[in-house]
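Have a look at the structure below before the remarks.
The values are calculated or read from the model by the stated rules, or taken from the named source; none is laboratory data. Being a predicted model, the structure only gives us computed values, none of them experimental. Using ideal geometry, Cβ is built from the backbone for each residue, glycine included, and neighbour counts are taken over all protein chains shown. Accessible surface areas use protein heavy atoms only, side chains included; no ligands, DNA or RNA. Shrake-Rupley method; radii C 1.70, N 1.55, O 1.52, S 1.80 Å.
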Amino acid sequence: MEPNPHQARQPKVYLETYGCQMNVADSQTVSAIMRRAGYANAERPEDADVILLNTCAIREHAEERVLGRLGDLARLKHARPEIKLGLLGCMAQHNRAALARKAAYLDLIAGPDSYRRLPELLARAGFDPAVDVRLDRAETYADISPEYPDGVRAYVTIMRGCDKFCAFCVVPYVRGRERSIAPADLMREIRGLAERGVREIVMLGQTVNAYRSGDTDFGAILKMTARIDGIERIRFTSPHPAEMTESAIEAIASEPKVMPHLHLPVQSGSDRILAAMERGYTVKEYLSLVDKVRAAIPGIAISTDIIVGFHGEEDRDFEETLAIMRTVSYDQAFSFKYSVRENTRAYRLGDSVSEEEKGRRIAAVIALQETISLERNRATLGQVFPVLIEGPARRGIGLLAGKTPQFKTAIFPTGDTTRTGETVAVRVESATGHTLTGSILAA
Ligand code: SAM
Ligand code: SF4
């Protein structure tokens, strides 16, 4: 068919995502909103009419990366001024005033509760940028089905926002108050995913286990999801230790589809620092939760987040963090240097630990975790795990990769690369701190 010269070319949007899994999920919602408004996807910023960066404000470093990228994109806009450049998400919410100054070429600044209005905002953006950073206690985007990528695993946001206000953290200010998506909407979404071939659901929320909708709590949502045919594995991140109720533990313990892996951010092993961080638990309480979880769910893997160099953290506090890492013997730990964030409760306290010292402490945490992870992974040698095949391994021709129930990456050779989505029994033959290597047992 001849192209119709009168038909307007479909505008294209290029979207780049920074930060956590929640942001990746939010970008899938943004893509769906833009698609409804008639935009096609651009693979590269050079091909786009609209360029959007979905950003993270959790640490200063995250913001610096985005500012650097914005500088590159501003050159593109200079060459083609008709391009619209927008900043979305947590950094937009956190830095709106400074951004209007530092990046005057931005056409759009939109916070995490404003995505629904993006098409109108873009239409409005002119000489002045369109700014929408209203937080909305009711916005859950429940009626917008995100554009999920293909794959056996899908990340599904079940609640938004956070009410915890840990002293170091900007999330409650940029993502607003907690709100949960109604069970009926969630189940509809997850059933749709199962029909498309998704086998594993990862439920997302900043305090995912604080989920509550009417009488339905997090444990109930896990059980409801487990009843959906086709869904074989259920995971969630990040639960807050203070919200880890009996109902949630019971659901993980009793429901075979809920995988035995718990990401339980501890942040520090010092009671003094935990109190200053306003985390809402003591070391003793955290450890007794770990004991309870391990007693209820034998073989469960536990991972964590650790902040080093929070204001006031002395050597002895830091030693206690290393000590709790050894006591719990985490399967994995993500560690971060404390970054002072404006607006947070800890902002005014200051930043007493030097950058060099934070560097030394984070290196010690990483080194200790390497040793522990290696030890724990080596303990699996000879064991057999069901592995849901995700596709070819990133390295190694002819190797497939997937996760064990404990969320450890397993790689194994197979002549047949068409087995994505199948669960196979893999015997572990060698292990590093990051990967288990094995072979499929004959059926
Ligand atoms: N809601 C989750 C929880 O409470 O465990 C964590 C969400 S946050 C996006 C992920 C991690 O970033 C936190 O667990 C914490 O370790 C880290 N983080 C948050 N604020 C930080 C800050 N100001 N400096 C360094 N790390 C920070
Ligand atoms: Fe931030 Fe604490 Fe909320 Fe996690 S629970 S998002 S660390 S305020």
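Evaluating L287 against the criteria (1) within 19 Å of A242 (Cβ to Cβ); (2) among the hydrophobic types (A, V, I, L, M, F, W, C); (3) within 16 Å of ligand 2 (Cβ to nearest atom) leaves one unmet condition, (3). For the range 239-274, name all the residues that are within 14 Å of ligand 2 (Cβ to nearest atom) and open to solvent by 30 Å² or more (accessible area, probe 1.4 Å). Correct list: A242, E243. Here D132 passes the criteria (1) in contact with a strand residue (DSSP E or B) (Cβ under 7 Å, 6 or more places away or on another chain); (2) at pLDDT below 95; (3) within 16 Å of ligand 1 (Cβ to nearest atom) except the one numbered (3). Looking across the range 275-294 at every residue that is touching a residue at least 24 places away in the same chain (Cβ under 8 Å) and open to solvent by 50 Å² or more (accessible area, probe 1.4 Å), the one that is farthest from ligand 1 (Cβ to nearest atom) is identified as K292. Entry remark, the range 304-318: residues being under 13 Å from A276 (Cα atoms) and within 9 Å of ligand 1 (Cβ to nearest atom) number 3 in total. Applying the criterion of at least 3 residues that are under 19 Å from R153 (Cβ atoms) to the strands (runs of 3 or more DSSP E) found wholly in the range 402-443 leaves 409-413, 423-431.
Checked against (1) assigned to a loop (DSSP other than H, G, I, E, B); (2) at pLDDT 95 or above; (3) open to solvent by 60 Å² or more (accessible area, probe 1.4 Å), A184 passes all but condition (1). Residue pairs whose Cβ atoms lie under 8 Å apart, sitting 6 or more positions apart in sequence or on different chains, and linking a residue in the range 94-122 that is among the polar types (S, T, N, Q) to a partner that is open to solvent by less than 10 Å² (accessible area, probe 1.4 Å) and part of a loop (DSSP other than H, G, I, E, B), are N95/A57.
For first residues located in the range 168-190 and farther than 18 Å from G280 by Cα, partners that are near ligand 2 (Cβ under 9 Å from one of its atoms) and open to solvent by less than 20 Å² (accessible area, probe 1.4 Å) and lie 6+ apart or on another chain with Cβ distances below 7 Å form the pairs R175/G161; R175/C162; G176/G161; R179/G161.
Collect the residues in the range 127-154 that are of a type in the set (A, V, I, L, M, F, W, C), under 18 Å from the mean Cα position of the chain (by Cα) and outside any loop (DSSP other than H, G, I, E, B), keeping them in residue-number order.
Of everything in the range 127-154, just one residue is of a type in the set (A, V, I, L, M, F, W, C), under 18 Å from the mean Cα position of the chain (by Cα) and outside any loop (DSSP other than H, G, I, E, B), namely A154.
Residues that are surrounded by fewer than 20 Cβ atoms within 10 Å (Cβ to Cβ) and assigned to a loop (DSSP other than H, G, I, E, B) were ranked within the range 168-181; the one that is farthest from ligand 2 (Cβ to nearest atom) is R177. Scanning the range 191-235 for residues that are buried (at least 17 other Cβ atoms within 10 Å of the Cβ), touching a residue at least 60 places away in the same chain (Cβ under 8 Å) and within 22 Å of T404 (Cα to Cα) yields R199, E200, V202, L204, E232, R233, R235.
Residue by residue, here is whether (1) over 30 Å from G438 (Cα atoms); (2) open to solvent by less than 40 Å² (accessible area, probe 1.4 Å); (3) in contact with a strand residue (DSSP E or B) (Cβ under 7 Å, 6 or more places away or on another chain) holds:
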residue	(1), (2), (3)
S329	no, yes, no
Q332	no, no, yes
K358	yes, yes, yes
V365	no, yes, yes
E370	no, no, no
F385	no, yes, yes
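Does L222 meet the test of being among the hydrophobic types (A, V, I, L, M, F, W, C) and within 28 Å of A346 (Cβ to Cβ)? It is false that L222 is among the hydrophobic types (A, V, I, L, M, F, W, C) and within 28 Å of A346 (Cβ to Cβ).
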